[in-house]
Amino acid sequence: QVQLVESGGGLVQAGGSLRLSCAASRSIFSAAIVGWYRQAPGKQRDLVATITSSGSTNYADSVKGRFTISRDNAKKTVYLQMNSLKPEDTAVYYCYLRVLGSDYWGQGTQVTVSS
């Protein structure tokens, strides 16, 4: 079992920035694919960005050029730097980890972007 604890959400004006963090409870983090999904009210949960154990990244088209995912294996933490935020980025952001065929989710952190 792996626990994921997110932090860094909040309220920001359009054009602003936030950085989300997600800390994992086990060192197996270093072998995992980790990332972020988001879910807006009334919508499905969608991929935002992922990063593999070797550092390869993947982004949703809607966030390319604005968001950057990174990881620190020593700290067992994945980050999501969000710049040039838009009202349509408003959602609950969930940390995600996949390792050894199992998926794990954080509890979610709210990001609200005001216009």
* On the accessible surface of the chain, probed at 1.4 Å, how many percent belong to carbon and sulfur atoms? -> 46
* Please give every one of the lysines within straight-line cross-link reach of Lys75, meaning a C-alpha to C-alpha distance under 27 Å, and leave out same-chain neighbours fewer than 8 residues apart. => Lys64
* Asked: Using 0.36 nm per residue, how much length does the chain from Val5 to Ser54 gain when fully extended, once their Cα-Cα distance is taken away?
  -> 15.4 nm
* To do: Would you mind getting the accessible area per residue of the stretch 1-67, heavy atoms of the protein chains only, 1.4 Å probe, in Å²?
  => 53
* Structure fact -> Toy charge model, Lys and Arg Cβ at +1, Asp and Glu Cβ at -1: the chain dipole around Cα centroid in debye, rounded to 20, equals 160
* Asked: Taking only C-alpha pairs under 8 Å that are 6+ residues apart, what is the relative contact order of the chain in percent?
  -> 37
* To do: Calculate, in nm to one decimal, what Arg98 and Ser84 gain on full extension: separation in residues at 0.36 nm each, minus their alpha carbon distance.
  => 2.2 nm
* Rounded to the nearest 0.05, what FRET efficiency do Thr68 and Ser115 give with R0 = 41 Å and r taken as the Cβ-Cβ distance? Could you check? => 0.95
* Asked: For Lys43, which lysines qualify as cross-link partners when the Cα separation must be under 19 Å and same-chain residues fewer than eight apart are set aside?
  -> Lys86
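The values are calculated or read from the model by the stated rules, or taken from the named source; none is laboratory data. Because the structure is a prediction, the values reported are computed rather than measured. As a convention, Cβ positions derive from the backbone with ideal geometry for all residues, glycine included, and neighbour counts pool all protein chains shown. Only protein heavy atoms, including side chains, enter the accessible area calculation; ligands, DNA and RNA are left aside. Shrake-Rupley method; radii C 1.70, N 1.55, O 1.52, S 1.80 Å.
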